[in-house]
Each structure stands twice: as C-alpha cells, then as structure tokens.
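A.B. asks: This is the structure, below, for whatever I ask next.
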Amino acid sequence: MSETTVALPACVFDPAGVRSAVEERLAAFLGAKERLAAEQDFPAEVVEVLRDLVLGGGKRVRPVLCVAGWCAAGGRGDEGPVLQVAASLEMFHTFALVHDDVMDRSATRRGRPSAHEAFAARHRGRPGAARLGVDTAVLLGDVALVWSDELLHTAGLGADRFAAVTSVLDGMRTELMYGQYLDLLGTGCPSTDLEAALRIARFKSAKYTVERPLQLGAVLAGADAGVCAALSAFGLPLGEAFQLRDDLLGVFGDTPQTGKPVAEDLREGKHTVLLALALRRAVGGERDLLTGLSREMPPGPGQVAQIRAVLEGTGARAEVERLIEERRGRAQRALEDAGLPPSAGAVLRAAASTLIGSP
C-alpha cells in the first residue's frame, strides 16, 4: 500500500489535510483488497459496495479528532502511524454504520443506498433479494471490522504504543455496543426520561465520536493520564453537543444536509433528548401524537409537520439549542482549566469549531 503523509509541521492542525490523507490511505487499502479479490476469484461486489460506502462521503470526524488529539498532546515527527490509526478508526465507523442501517432499516446513507439496499438491488429479481441484502450487509460490516484491525496492525506501532492504543479502542468499542443496545431499547418507546436519552447520546455518540478519538491520538503521542483526563473533560460535553445538534438535524434537517430520509428519527421513534423534553411539556393530543411514534407505524408527511410544530411549540427545540450552548461552554471552561500549552488549546478549539461550528 502506498504511503501518504499530510503536512503537519510543528503540529499545525489541518482538518482538510487530515481528511484528504486518510481518504487516500483508505482508497489505497481498498484498491489492494479489490486486486486481491480478483486474484482469488472472490465476488467483486463485496469490496465495491464497501468502497462506495467508505469513499462516497462522510465528514471523517473521528479521524480528524484522532489527529487533533495527537497534535494537542505534542505529537511530532512521522505522522504516518497516526494517519493509519485514524484510517482504521474510519473503517471501524463504516462497520458501525452498516450494522446501524440494518438495525434501523435505513434505506440510504450519505445520500446513497445503504449497504443492504445496495446488495438487494444487485440481486433484484432473485427470490428473497431483500433478505439477502440484509444478511450480506451483516457480513460486510464484519469485513469492515476485520479490516479496521488490519489497518491498525499495519500502523507500525511499537509494543507500548500498541498496548495503549488498544486499551482506548477496547473501551470505545464496548461503550459503542452498549450505547447501541440502549438506543434499540428506547426506539419506539418515547418517554419523558431525559437522563436515559442523555445516556444514549453519551455512549452511542459523545464518547465514541469525540472523547475516545481525542484520547486515541493523545496516547499515540505518548500522553499521560492527566492529558487524557483533560481531553475527556473537554471531549464529553463537546460530544454531547454534537449529538444534540445531530438530533435537531434528524428532525428539522433535510436529505441534502443529512444524507438520510427526512425526519428519519421521528419515523423510527428514537428516544432522543428532543423528544423527551417535548413529552415533558406536551398535553392532550400533542402528547398522544408523540407517544404514538413507532417504527411499525411511521408518521406520514402531514404528521411529521405536526410533530415538528409540537417540538417547536413546547419549546423543546429551543431548549436543545440551549443545552448545546451550555455544553459548548462547559467544554471551553474545561479547556481553559486543563493547563495545556496554548498550542494545544488552539488545536482543540479548531477541532470544536470543525465539529459544531462557531458560537
């Protein structure tokens, strides 16, 4: 596989450069897998569908934050290993997306057919094509998980660095699985339990999307426990803000923004902070409308408009916006109290702006 580097002299944090370098590594890796499949006469569509999903879009949030953590912790010299680990993180994310789309029955991802839909389309006309698409997507997710490990194992890390990295990754993966389980338990069962909704957001997104990638980059730079704790104090509220913003987009955004069907979270009856807040304030028919959300009987376009009006009218949307700003402020204060060098603070502020925009 060809080597790719991104210019990070004196650890200048360049999110666009990181995204480009990680995508080049992923493209080279998948190109090698495509050639190997041809040589061994494996079905070509496995790598083709995975390549389309991996390289067909995405913000590369986790790889960018991984490199941000490396920079903030004083990473210097050869950036090849951290970029390879960042690419591994994106491949793991692909595994999670493929399985998530199966569980959520999502037809699209990043504006394209989701993996199970892509496989079903390739076998259209065959009996049981839809079921084959789902079964094959599960296998594809497994392949992405295996290949994320392969990318990690070929990053050229020494024994101590590898042990530190896998410790963070093991925690991240376990947290994500529990977060996904909690999400499934809450789907189709809307309630006023705000803490349960926040817990789902914390484990399914905040830790997985922000805290752990930052820590992963930091341990690659040889960071101690104090730096990792500082990154956690900064990353967790920032990650919660990211998920709360995503919840708003999932209801009030549109397909060009999200790459997903309009109001898919509502159609699934996801137990989000937005919905929990609205249920606490809704009365009568408004409350009935929200508690009736179920993946078995998704709302039609007219009902989606009514639900959006309830979320606005109860003040739930405004309260989520307030929570986002509160968590942004908490992350900023944690950064100010961390005692990190000014250069590290600049990197993390740039990462925060990349993630949820400027205040």
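The values are calculated or read from the model by the stated rules, or taken from the named source; none is laboratory data. The model shown is predicted, which means the values in this text are computed figures rather than measured ones. All Cβ positions, even for glycine, are placed from backbone atoms using ideal geometry, and neighbour counts span all protein chains on display.
A.B. asks: Which of the residues spanning the range 36-72 are under 22 Å from the mean Cα position of the chain (by Cα) and of a type in the set (Val, Ile, Thr)?
C.D. replies: Val47, Val49, Val54, Val61, Val64, Val67, listed by residue number.
A.B. asks: Specify the residue that is surrounded by the most Cβ atoms within 10 Å (Cβ to Cβ); the eligible residues are those in the range 170-201 that are under 20 Å from the mean Cα position of the chain (by Cα) and among the acidic types (Asp, Glu).
C.D. replies: Kept after step one, since they are under 20 Å from the mean Cα position of the chain (by Cα), are these residues of the range 170-201: 170-187, 196-201.
Imposing the further condition that a residue be among the acidic types (Asp, Glu) reduces the set to 170, 175, 183.
On the way: Asp170: 10, Glu175: 18, Asp183: 23.
Step by step, filter the range 170-201, then rank; the result is Asp183.
A.B. asks: Still on this structure, I have one more. In the list Ser167, Ser148, which residue meets the criterion of being within 24 Å of Phe95 (Cβ to Cβ), small (Gly, Ala, Ser) and either touching an Asp or Glu at 6+ places or on another chain (Cβ under 7 Å) or surrounded by 22 or more Cβ atoms within 10 Å (Cβ to Cβ) (or both)?
C.D. replies: Working: Ser167 fails: either touching an Asp or Glu at 6+ places or on another chain (Cβ under 7 Å) or surrounded by 22 or more Cβ atoms within 10 Å (Cβ to Cβ) (or both).
Answer to the check: Ser148.
A.B. asks: Another one. Filter the range 300-319 for residues that are touching a helix residue (DSSP H, G or I) at 6+ places or on another chain (Cβ under 8 Å), closer than 10 Å to Ala263 by Cβ and not polar (S, T, N, Q) and give the result.
C.D. replies: Listed by number, the residues that qualify are Val304, Ile307, Arg308.
A.B. asks: A further question on this structure: Are there any pairs, at least 6 apart or on different chains, whose C-beta atoms fall under 8 Å, with the first in the range 118-143 and touching a residue at least 40 places away in the same chain (Cβ under 8 Å) and the second surrounded by fewer than 17 Cβ atoms within 10 Å (Cβ to Cβ) and not in a helix (DSSP H, G or I), and if so, which?
C.D. replies: Ala118/Arg112
Residues are listed down the side, and each one gets a yes or a no for (1) closer than 16 Å to Arg212 by Cβ; (2) exposed (fewer than 15 other Cβ atoms within 10 Å of the Cβ); (3) modelled with pLDDT of 95 or more:
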position: Gly75; (1), (2), (3): no, no, no
position: Gly80; (1), (2), (3): no, no, no
position: Leu83; (1), (2), (3): no, no, yes
position: Ala86; (1), (2), (3): yes, no, yes
position: Glu90; (1), (2), (3): yes, no, yes
position: Thr94; (1), (2), (3): no, no, yes
position: Asp104; (1), (2), (3): no, no, no
position: Arg109; (1), (2), (3): no, no, no
position: Arg126; (1), (2), (3): no, yes, no
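A.B. asks: Looking at this structure, is Gly141 over 18 Å from the mean Cα position of the chain (by Cα) and crowded, with 16+ Cβ neighbours inside 10 Å?
C.D. replies: Working: over 18 Å from the mean Cα position of the chain (by Cα): no; crowded, with 16+ Cβ neighbours inside 10 Å: yes.
Answer is no for this residue.
A.B. asks: Moving to a separate point now. Can you tell me which residue in the range 155-172 is nearest to Ala86 (Cα to Cα), limited to those that are in contact with a helix residue (DSSP H, G or I) (Cβ under 7 Å, 6 or more places away or on another chain) and in a loop (DSSP other than H, G, I, E, B)?
C.D. replies: Selected residue: Ala155.
A.B. asks: Next question, about the same structure. Consider Leu132 carefully, then state whether it is at pLDDT 95 or above and buried (at least 20 other Cβ atoms within 10 Å of the Cβ). Steps first, answer last, please.
C.D. replies: Working: at pLDDT 95 or above: yes; buried (at least 20 other Cβ atoms within 10 Å of the Cβ): no.
Against the criterion (at pLDDT 95 or above and buried (at least 20 other Cβ atoms within 10 Å of the Cβ)), Leu132 does not qualify.
A.B. asks: Turning to a different aspect of this structure: Please tell me if Ala338 is on the phi > 0 side of the Ramachandran plot, crowded, with 16+ Cβ neighbours inside 10 Å, at pLDDT below 90 and outside the structural domain of Ala73 (by TED's automatic domain parsing).
C.D. replies: Numbers: on the phi > 0 side of the Ramachandran plot: no; crowded, with 16+ Cβ neighbours inside 10 Å: yes; at pLDDT below 90: yes; outside the structural domain of Ala73 (by TED's automatic domain parsing): yes.
It is false that Ala338 is on the phi > 0 side of the Ramachandran plot, crowded, with 16+ Cβ neighbours inside 10 Å, at pLDDT below 90 and outside the structural domain of Ala73 (by TED's automatic domain parsing).
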